Amino acid sequence: MKFPASVLASLFLFVAETIAAFYLSSTYHSAGDRMWQSLTLLFSLMPCALVQLTLLFVHRDLSRDRPLVLLMHLLQLGPLYRCFEVFCLYCQSNQNEEPYVSITKKRQMPKDGISEEVEKEVGQAEGKMFTHRSAFSRASVIQAFLGSAPQLTLQLYITVLQQNITTGRGIIMALSLLSIVYGALRCNILAIKIKYDEYEIKVKPMAYVCIFLWRSFEIATRVIVLVLFTSVLKVWVVIVILVNFFSFFLYPWILFWCSDSPFPENIEKALSRVGTTIVLCFLTLLYAGINMFCWSAVQLKIDSPDLISKSQNWYRLLIYYMMRFIENSILLLLWYFFKTDIYMYVCAPLLILQLLIAYCTGVLFMLVFYQFFHPCKKLFSSSVSESVRSCLRCICRCCVRRKSPETVVKSNTDLKSCTDQYQDVTPSTSKITEPSEMWSAVDLYTKRIPKTREK
């Protein structure tokens, strides 16, 4: 059994960020900044409660008689208790033999066009460990995008307004950024495992490095752009956030309503129709929160039993990053035109250029990951390079189609101008000869000239 490093990393980020938020809120209280204190506590306690509910829902503890577990979750200590259970399970797994095992069948990645199916025995301890890892992965995503992302944006905004950075604020911003990047990384791994569930997936270290760099540049750039725009146009940023949020929140529901599919009722057997609706709304809320800061790597499909589309749509990915780049550029230009005196000593054009280059660097690492280090790249119907080539070909064809009517029109206008000039030179009563007749007449005339000279 593998060491539960992902569980330990999730717990560390959860506990460290919560402690840093409480410390920073105490400093705001002593300084008399009640509004900053309230917002810091809100963005810390709200994801804590959602994490407890997620762990309870994944392990289905509400339908079991486990009062101690429920008490620990009510005290917001559920992740600590779950981590203790994980390490107890890990320590006991190598000592006791499993009396009952289940056999799972996984297909290996195809080699030379051949994919073999391998049977593997999974014991009860390993099955429980898998459930714990899955629960902590989902909790990390919730903590990252419903807590750490708003927290990082808030603390960076306070730093820009006050033009100084304290030790507590610097620590919580670093932890929040690390938590968001880790949550995005877990989201990528979860998306890969859900899409290719029948295959045995092994993620290489270089894949983790590429995802980490990709998400770091993308998320940091997005947060800085939002903070800069908020510092000069506080009212308009609300419109930007609401448009982004409701666009991604309503998009899965619009697709579901257009498909005329029945309402999904196989998410959880114990849930009623109202409970299923609440769960789906929470999933779309999380989906919108992720897409506000970075690419979610998953596409919600409410009419699907897995709730996730398993198709790899490169064009949707391309459209997302193109629209996000355009939006970031527009927000930075508006910040440049409406910037205040607090940016007196900031070289605005250089900062805009650095942010746009940083965002493009994140996109470059994403392309490198999908082209070289994706664990299931052999299953892609088309690679990133082929998709880019096809897009370039489409663009070239569109450009050629636009130029060809222009050349035809230009040639027609040139011919018309030549005929107009010829009509201006000749009298109006004369007959206009065809070009072939005109050249034949010239030839006959040139042949007759030498004969007349000889005579």
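The values are calculated or read from the model by the stated rules, or taken from the named source; none is laboratory data. All of these numbers come straight from a predicted model, not from anything done at the bench. Here Cβ is always computed from backbone atoms with ideal geometry, including for glycine, and neighbour counts include all displayed protein chains. Remember, those area values only see protein heavy atoms, side chains included, never the ligands or the DNA or RNA. Shrake-Rupley method; radii C 1.70, N 1.55, O 1.52, S 1.80 Å.
Before moving on, here are some points about what is shown:
- Estimated inter-spin distance, THR166 and CYS91, nm [label 7 Å along Cα→Cβ]: 3.9 nm
- Taking only Cα atoms of segment 273-361, radius of gyration then Dmax in Å: 18.5, 57
- Dipole-positive endmost among GLY170, VAL160, ILE201 within segment 96-249 (Cβ charges, Cα centre): VAL160
- If only the Cβ of Lys and Arg carry +1 and only the Cβ of Asp and Glu carry -1, the dipole of segment 190-232 around its Cα centre is close to 100 debye.
- Heavy-atom surface analysis with a 1.4 Å probe gives segment 165-321 a carbon and sulfur content of 71 percent of its accessible area.
- Start at zero, step by 5 Å, and the Cα-Cα distances of segment 126-253 spread as 2, 9, 15, 19, 19, 15, 10, 6, 4, 2, 0 percent across the bins.
- Listed values for segment 5-18 are Karplus-derived 3J(HN,Hα) couplings in whole Hz (6.51 cos²θ - 1.76 cosθ + 1.60, θ = phi - 60°), namely 5, 5, 5, 5, 5, 4, 5, 4, 5, 5, 5, 5, 5, 5, and x replaces Gly and Pro.
- Using only alpha carbons, segment 1-152 has a radius of gyration to Kirkwood radius ratio (Rg to Rh) of 1.11.
- Radius, Kirkwood style, for segment 45-84 when every pair of distinct Cα atoms is counted (Å): 10.0 Å
- Counting 0.36 nm for each residue step from LYS111 to ILE330 and taking away their Cα separation leaves a gain of 74.2 nm.
- Each distinct pair of alpha carbons in segment 136-196 adds a 1/r term; the inverse of their mean, the Kirkwood radius, is 12.3 Å.
- Sequence-distant contacts, meaning Cα pairs under 8 Å at least 6 residues apart, place the relative contact order of segment 95-207 at 30 percent.
- Packing-based ranking, highest mean first, of 371-378, 233-240, 147-154, 52-59 given that Cβ atoms within 10 Å are counted: 147-154, 52-59, 371-378, 233-240
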